[in-house]
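All of the numbers you see were taken from the coordinates with simple rules; none came from a lab. Owing to the predicted nature of the structure, the values given are computational and were not obtained by experimental measurement. Heads up, the Cβs are rebuilt from the backbone with ideal geometry, glycines too, and the neighbour counts pull from every protein chain shown.
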Amino acid sequence: MKIIAAEVFVTSPSRNFVTLRITTDDGVTGIGDATLNGRELAVAAYLKEHVAQLLIGKDPHRIEDTWQFLYRSSYWRRGPVTMAAIAAVDMALWDIKGKVANMPVYQLLGGASRNGLRAYGHASGADLESLFDSVREHLELGYKSVRIQTAVPGIKAVYGVAAQAQASGERYDYEPAGRGAFPVEEDWDTRAYLRHLPSVFEAVRNEFGPELPLLHDGHHRMTPIQAAKLGKALEPYDLFWLEDCTPAENQEALRLVRQHTTTPLAIGEIFNTVYDYQTIIKEQLIDYVRAASTHFGGISPLKKVMDFAAQYQIKSGFHGPTDISPVGFAAQLHVGLAIHNYGIQEYMQHSDATNEVFEQSMTFVDGYLHPGNKPGIGVEFNEEAAAAFPYQQAYLPYNRLVDGTVHDW
Ligand SMILES: O=NC(=O)[C@@H](O)[C@H](O)[C@H](O)CO
Ligand SMILES: [Co+2]
């Protein structure tokens, strides 16, 4: 069996996606997600200009060998662009292998370790009333766990609060990527946030009780001691996790947070190799691995990092916003179903237009996800539908503090 074609498609139903399709001489095709929100064309070019020609003639069954070849032969290692490109190839080859074996990918990874994958949704609201409505809406949609994001007094626009979508009556089902040639500037004040958030969780617990698993995303905005302060202040509200509490390029920073709080910590959606996790896993500085198949080099390394994490009783919490395409999302459902140390899956629901372009076999029933049992990854790419949605440049917002200093968004 040989690879005869590797094509890259950039399409933009609701938001931009980059998809790789590999075709073999037997006519079997496989697809992979190469979407990097705000830098999509960099990955598309990396694949089109530098990778596609290297794949022609290769045996598609040699997944690990192809992964290692792409990782080491480029010489320049790691980074979000390279690893998203390698991820797309890895996913497409697993898709092909599953189709040839006539098995869903999770069966090739060792079979199911559970019946379904517990998911959490993104509840948000500018004030308590709209936040409570959003929690109720997600409970009605079947979610059994919810992430809580809300506005902060004195701050104009805060990450994760879909006020703009709610104003137009839509559900918050897209990741903030403002279309246009320059990132939208948002504002931030950590002290105001730290003063406000505990009262929000107290109100949510009073309204919804002690059982409902609640998550929160700090989105890289605190220093370690501020993250420690928040983690401790939230302990009475028994969070499932506090995510991205501080920028973690300096993995040792989590030592300080860990010393001060028992609030579980989740880190890593912007990481792209196991080396980014090495210290925080070995020293058990986190409880959940936030990697996504698309940003982390694909299915193969996602399984490897979870096997490493298992030695330290750390579980999965894979990143699953709508800027992970349905292909990347399905790929990590297969990994989540097969591993023993599964935790929870972030699940924002893609839009109707996106679901038209990507025909999926995954299901979401009573709060649990399942990738389905179609051979391979279980997603078909509709090229005709994709052609109707041309790429539109879009950037993620960025932050400035009230004194004008650029800050993490
Ligand atoms: O936990 N989820 C997140 O932090 C996401 O909403 C990220 O901001 C977006 O995926 C960035 O493109
Ligand atoms: Co996050």
Q | Potential extension, Asp59-Leu396 segment - 0.36 nm per residue separation minus Cα distance | A | 117.5 nm
Q: Mind checking segment 26-114 for chymotrypsin sites (Phe, Trp or Tyr not before Pro) that DSSP puts in a loop (not H, G, I, E or B) and that have at most 16 other Cβ atoms within 10 Å?
A: Tyr75, Trp76
Q: With r as the distance between the Cβ atoms of Ser199 and Ala5 and R0 = 51 Å, compute the FRET efficiency 1/(1 + (r/R0)^6) and round to 0.05.
A: 0.35
**Q.** Rel. contact order, % - alpha carbon contacts under 8 angstrom, at least six apart, the chain
**A.** 23 percent
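Kindly provide the helix-only [θ] at 222 nm of the chain, computed as the sum of -39,500 (n - 2.57) over DSSP H runs of four or more divided by all residues, to the nearest 500 deg cm²/dmol? Please report the intermediate quantities before stating the final value.
Numbers: 15 runs with 143 residues, N = 409.
One gets -10000 deg cm²/dmol as the mean residue ellipticity at 222 nm.
Taking a threshold of 25 Å on the Cα-Cα distance, which of the pairs Lys48/Lys304; Lys282/Lys315; Lys2/Lys99; Lys97/Lys303 fall above it?
Details: Lys48/Lys304 27 Å; Lys282/Lys315 13 Å; Lys2/Lys99 15 Å; Lys97/Lys303 16 Å.
The pairs that break the limit, which is 25 Å between Cα atoms, are Lys48/Lys304.
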Q. Could you give the Stokes-Einstein D for segment 199-297 in µm² per second, using the C-alpha Kirkwood radius, 10 °C, 1.306 mPa s?
A. 115 µm²/s
Q: Evaluate the distance, in nm, between pseudo-label points positioned 7 Å from the Cα of Lys156 and of His340 along their respective Cα→Cβ axes.
A: 5.3 nm
Q) Counting pairs of alpha carbon atoms under 8 Å apart in space and at least six apart in sequence, what relative contact order in percent does segment 245-341 give? A) 25 percent
Q. Put a dot 7 Å past each Cα toward the Cβ at Lys282 and Glu207; how far apart are the dots in nm?
A. 4.4 nm
Q. Where in segment 62-78 does the label zone of Ala101 land, with the point 7 angstrom along Cα→C-beta and an amide N cut-off under 14 Å?
A. 62-64
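Using the Cα centre of the chain as the reference point, and only Cβ charges (+1 on K/R, -1 on D/E), how large is the resulting charge dipole? Debye, rounded to the nearest 20. Walk me through the intermediate numbers first.
Values: 35 positive and 49 negative charges, 226 e Å.
It comes to approximately 1080 debye.
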(Q) Can you give me the long-range amide H partners of Ala394? Hydrogens built in the peptide plane at 1.01 Å from N, cutoff under 5 Å, separation of 5 or more residues or another chain. (A) Gly180
